[in-house]
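Notes follow the structure.
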Amino acid sequence: MFDESEQVDARLVGGGADADERAVEAALRPRTLGEFIGQERLREQLSLVLDAARGRGRSADHILLSGPPGLGKTTLAMIVATEMGVPLRITSGPAIQHAGDLAAILSSISEGEVLFFDEIHRTARPAEELLYTAMEDFRVDVVVGKGPGATAIPLELPPFTLVGATTRTGLLPGPLRDRFGFTGHLELYEPKELEQVLYRSAGLLSVELREDGAREIAGRSRGTPRIANRLLRRVRDFAEVRADAVVTGDIARAALEVFEVDEIGLDRLDRAVLAALCKNFGGGPVGLGTLAVAVAEERETVEEVAEPFLVRAGLLARTPRGRVATPAAWAHLGMTVPQHAPFSTNAEPDLFSVADGE
């Protein structure tokens with residue numbers, strides 16, 4: 001069960017998904033590795049791991065999947081269960097706050113079952129330590145009683161496969177990382193791969209998608225299949241209401257202009273951050289708190305929601321003295337880089353001399 005209190009990026013170009021969108025995604029998910037588009041190297045590695053396990057007649061090694069949200073970690077966990085022909089059980093780190101919560105799940109697990117642990121880095125420490133023996137020795141110690149009279153009763157578990165998913169591998173303790181037999185990282189998709197995702201989804205949604213329409217949507221999807229599928233559904237709505245229900249390049253551009261998603265996938269918040277940085281503060285450097293006030297958002301929203309893609313796209317840099325707009329940011333806003341801007345020829349030489357600042 002997923003924790004409903006978990007914060008989700010609800011923007012049209014956000015990588016997160018709420019419960020309603022997960023239900024929609026379920027109809028679009030590929031069922032086998034052969035249907036899964038992109039991530040060729042990871043698919044090949046995972047196929048070898050699963051084929052070897054099936055050949056030995058044993059459960060697959062524990063698997064850790066990492067990468068930004070929306071790339072297919074949950075889908076791959078479901079595919080692992082399907083390929084192995086075993087049941088799948090789903091939980092998440094925020095939902096496991098006590099060791100007893102995890103013990104209850106593990107004690108009812110069946111032989112060979114796949115346990116998918118989303119956002120595993122957010123698991124409470126007591127439950128995390130219980131995972132160590134469960135993963136390595138297939139055993140949990142259930143503590144009965146309190147204080148000096150407490151007794152640990154060992155409970156043997158049948159062999160199972162834990163598939164952990166995380167967007168922040170660095171937050172996983174070393175002992176937990178080491179207990180995974182296979183670790184795979186999902187990379188952002190290329191536009192051509194996203195076009196294949198869109199054609200497949202369009203077929204499942206009965207949407208007539210032209211080549212130029214797929215290209216237009218893929219270019220604004222920030223390298224993320226979840227965002228591509230979300231944009232496709234919104235463009236479909238526009239095409240059905242204001243056009244002839246055929247998604248062409250012109251229709252996609254018009255639709256995404258209505259939804260304020262520009263040609264490289266920036267939305268209102270992204271552009272507001274860049275505009276404040278360039279127009280209000282001359283390109284920076286400016287502190288995170290000041291930038292957040294300028295766009296009327298919380299610091300965490302700017303840092304966790306807007307900045308990751310802006311940094312990846314080369315539009316913003318985090319420096320010891322604050323946030324700085326790159327020449328690409330000025331160009332995207334249709335502005336000329338002023339002489340005093342940090343990335344001009346007059347930039348101070350020590351601007352990037354130490355680790356990220358505020």
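Taking amide hydrogens as placed 1.01 Å from N in the peptide plane, the amide H of Arg139 sits under 5 Å from those of Ala134, Leu157, each at least 5 positions away in sequence or on another chain. Phi angles of region 31-38 translate, via the Karplus equation with coefficients 6.51, -1.76, 1.60 and θ = phi - 60°, into HN-Hα couplings of 9, 10, 5, x, 7, 6, 9, x Hz per residue; Gly and Pro are given as x.
Local charge for Ser108 was computed over the other residues whose Cβ lies under 13 Å away, with Lys and Arg +1 and Asp and Glu -1, and equals -2.
Just to confirm a number: summing +1 for Lys and Arg and -1 for Asp and Glu over residues other than Arg271 whose beta-carbon lies under 10 angstrom from that of Arg271, what do you get? If you can, show how the numbers build up before the last one.
Values: positive: Arg268; negative: Glu260, Asp262, Asp267, Asp270.
Neighbour charge sum, excluding Arg271 itself: -3.
Backbone amide hydrogens, once placed in the peptide plane, bring Leu64 within less than 5 Å of Gly164, Phe182, Thr183, Gly184, excluding anything fewer than 5 places away on its chain.
Residue by residue, region 67-82 carries 3J(HN,Hα) couplings of x, x, x, x, 9, x, 5, 5, 4, 5, 4, 5, 5, 4, 5, 5 Hz when phi is fed to the Karplus relation 6.51 cos²θ - 1.76 cosθ + 1.60 (θ = phi - 60°); x denotes Gly or Pro. Relative to the compact-globule estimate of 2.2 N^0.38 Å, the Cα radius of gyration of region 157-230 comes out at 1.55. Positive end of the charge dipole of region 142-270 (Lys, Arg +1 and Asp, Glu -1 on Cβ, about the Cα centre): tell me which of Gly164, Phe259, Leu269 has its Cα farthest that way. Working it through, the farthest residue towards the positive pole turns out to be Gly164. Amide H to amide H distances under 5 Å link Ser92 with Asp118, where only residues 5 or more positions off or on other chains count and H is placed in the peptide plane.
Per residue, how much accessible area does region 63-139 show when a 1.4 Å probe rolls over the protein heavy atoms, in square angstrom? If you can, show how the numbers build up before the last one.
On the way: 2610 Å² over 77 residues.
Using a 1.4 Å probe on heavy atoms only, each residue of region 63-139 averages 34 Å².
Local charge sum around Gly249 (other residues, Cβ-Cβ under 13 Å, Lys/Arg +1, Asp/Glu -1)? Please report the intermediate quantities before stating the final value.
Details: positive: Arg210, Arg215, Arg220, Arg253; negative: Glu195, Glu211, Asp212, Glu216, Asp250, Glu257, Glu263.
Surrounding charge for Gly249 is -3.
Under a 1.4 angstrom probe, counting protein chains only, how are His98, His121, His332 ranked by accessible area, largest first? All intermediate terms of the calculation are to be shown ahead of the outcome.
Values: His98 120, His121 25, His332 45 Å².
Ranked from most to least accessible, the order is His98, His332, His121.
The distance linking region 260-320 with region 205-252 is 27 Å (Cα centroid to Cα centroid, whole angstrom).
The values are calculated or read from the model by the stated rules, or taken from the named source; none is laboratory data. Remember, it's a predicted structure, so these values are computed and weren't measured experimentally. Virtual Cβ from ideal backbone geometry, glycine too; neighbours counted across all protein chains shown. We work out accessible area using only protein heavy atoms, side chains counted, and drop any ligands, DNA or RNA first. Shrake-Rupley method; radii C 1.70, N 1.55, O 1.52, S 1.80 Å.
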